[in-house]
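The values are calculated or read from the model by the stated rules, or taken from the named source; none is laboratory data. Everything numeric in this text was worked out from a predicted model, so none of it was measured. Neighbour counts run over all protein chains shown; Cβ positions are idealised from the backbone, glycine included. Accessible surface is based on the protein model in full, side chains and every heavy atom, while ligands, DNA and RNA are left aside. Shrake-Rupley method; radii C 1.70, N 1.55, O 1.52, S 1.80 Å.
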Amino acid sequence: MKLPLWGGGRKMDRNKELRQIAEEKLREKKEKIYEIPKDVDTVIHELQVHQIELEMQNEELKNSRAELEELSEKYYDLYDFAPVGYFTLDLVNRITEVNSTGADLLGFPKENLVDRYFRWYVPPESTKSFHNHFNKSFRKMEKQTFEIGLIKKNGVIFDAHIELQPFYGDKYKPYQSDTYLKMAVIDITRQKNLERELKRSNEELQQFAYVASHDLQEPLRTIASFTQLLERRYKNQLDGDADEFINFIVEASVRMKQQIEDLLEFSRVMTRGSEFIKVNVNELLKEEISSLKTLIDENNAEISCNSMPEIYADSIQVGRLFQNLIINSIKFRKPNESPKIHISARKDEKTHEYIFSISDNGIGIEPQYLERIFTIFQRLHTREEYGGTGIGLAVAKKIVERHGGRIWVESEFGKGSTFYFTLPKPLVLAQQN
Ligand code: ADP
């Protein structure tokens, strides 16, 4: 074992120092020694100095060794009781070393795991994934991160997050015997169970929203049509209060109809989406803007657009997304200024995403509401100020998330807002461009 003592220069200095100390110690001793001839005296002197020097060097070596042993114990404790299971695997996935945490994860004593193949603890449904990552890690000499199931001694399968890092000796050649893999294993069963539970309850909630809104439509239709009938037949025949009450019911049922339709649309984003296809956003926007022509003309709105990219998406949903944002930019206009809306897109080279933005010169949003407005039914104004159901942005968010993107808004209250959303650039298109 090489001892990490001193560098060459420092060692020389240290030797000189030791020599000096040894000389002094000998001088003390010499006072007691009787007279002897001069040359013999010199030899004895040298020998004695060397002996003391050696004793001192020996003492220092012992101390360094004890220090090293203590450090090595500390390191080993850290390795052994780390909160992560560590395995070292050779080229054929045989375990050459494992820490206590790793052994506990699989439920075996450490000594029973060494020399066994790690693949024995991988259940059949995860075997392909494990081998793919294992081989890729060796072949490309690069780190692999993945999640698979692992079997415990008692047969229970747990979810594991795995990181494989290949290492090689001095003579680097992949597939040489001095190549090995360090593997970190973390039990993520709890997290996975929570994820599964969340997914299940989301699906249930979505199903509930769908069934409730679907089933509510029928009785609502009956209420609406009969009150409208009542209004038509008996208007001005009952007293003034009755006319007003009928009016309230008609208005409320129209509102509720809109809310139910919006809720249904919200619950359908995930369940009734179409396949992703190549979409030319320039053309899509042209169509959406022309379908909003009346609203645009009525408000004297100006819409400008930069050149838009091609994306892979559900074109109906992305069309709806643009529509919701454009309608809001017109709806939340300043009363005495005609709406000016600018739509643009840019590529984020780092993340391979397109970032779309829709900016307006409308009333703007106060900073404390910037996140809240994407939650379903959250509105910042009364019905009398601005009509709406508070679902438009929640639908927009769901659509963006279904496409793997994010949505957010930046705004200056009283000056205008810019809504941003990202859509990942699919690999096929990324390779073409
Ligand atoms: P709705 O438009 O039906 O109220 P949304 O979910 O579309 O519901 O919007 C939620 C709230 O966000 C709106 O009530 C409004 O207060 C605010 N908001 C949305 N878009 C804009 C915008 N372009 N400018 C200012 N406020 C906006």
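Brief remarks on what is shown
- At q = 0.10, 0.25, 0.27 Å⁻¹, base-10 log of I(q)/I(0) for the stretch 349-433 (Debye sum, equal scatterers on each alpha carbon): -0.31, -1.28, -1.38
- Accessible area per residue, Å², the chain with all protein chains present, probe 1.4 Å: 63
- The angle between the Cα long axis of helix 281-291 and the main principal axis of the chain comes to about 30°, on a 0 to 90 degree scale.
- Label sites at F208 and K293, each approximated as a point 7 angstrom past Cα along Cα to Cβ, lie 4.5 nm apart.
- The Cα atoms of the stretch 96-139 cover 29, 22, 16 Å along the three principal axes, with the biggest extent listed first.
- Positive minus negative residues near Q165 (Lys, Arg vs Asp, Glu; Cβ under 11 Å): 0
- Its Cα gyration tensor gives the stretch 188-329 an equivalent ellipsoid, and the semi-axes of that ellipsoid, as √(5λ) in whole Å with the largest first, are 38, 28, 11.
- Cα-based shape type of the stretch 68-133, given that a ≥ b ≥ c are square roots of the gyration tensor eigenvalues and the cut on a/c is 1.5: prolate
- Separation of the stretch 53-107 and the stretch 193-221, taken as the distance between their Cα centroids, equals 55 angstrom.
- Restricting the chymotrypsin sites (Phe, Trp or Tyr not before Pro) of the stretch 112-205 to loop positions (DSSP other than H, G, I, E, B) with no more than 16 neighbouring Cβ atoms within 10 Å leaves Y168, Y172, Y175.
- Relative contact order (%) - criterion: Cα under 8 Å, at least six apart; region: the stretch 77-233: 19
- For the pair N15 and V92 in one chain, pulling the backbone fully straight at 0.36 nm per residue adds 22.8 nm over the alpha carbon distance.
- A Cβ-based charge dipole, computed about the Cα centre of the stretch 88-135 with Lys and Arg at +1 and Asp and Glu at -1, lands at about 160 debye.
- Across the stretch 276-433, the relative contact order, built from alpha-carbon pairs under 8 Å that are at least six residues apart, equals 23 percent.
- Principal-axis tilt of helix 240-271 within the chain, Cα atoms, nearest 10 degrees: 40
- In nm, spacing of pseudo-spin labels at Y75 and R346 (7 Å Cα→C-beta vector): 4.9
- Protection proxy ranking of 415-424, 263-272, 69-78 - average other beta-carbon atoms within 10 Å, highest first: 415-424, 263-272, 69-78
- Rg/Rh ratio calculated on Cα atoms of the stretch 283-338 (Kirkwood radius): 0.99
- A simple count of charges around L47, restricted to other residues whose Cβ falls under 12 Å of its Cβ and scoring Lys, Arg +1 and Asp, Glu -1, yields -3.
- For the stretch 325-385 versus the stretch 293-314, the spacing of their alpha-carbon centroids is 14 Å.
- Annotation: peptides 95-108, 332-345, ranked by per-residue average of other Cβ atoms within 10 Å with the highest first, follow the order 95-108, 332-345.
- Here the dipole of the chain is about 1100 debye; that uses its Cα centre as origin and unit charges on the Cβ of Lys and Arg (positive) and Asp and Glu (negative).
- With distances taken between every two different alpha-carbon atoms, the chain has a Kirkwood hydrodynamic radius of 30.0 Å.
- The chain - percent of accessible surface contributed by carbon and sulfur, probe 1.4 Å: 53
- Here the Gaussian network model covers the chain, with springs between Cα atoms less than 10 Å apart; of Q228, Q317, Q217, Q228 fluctuates the most.
- Label point at H161 placed 7 Å out along Cα→Cβ; residues across the stretch 187-228 whose backbone nitrogen lies under 12 Å: 187-192
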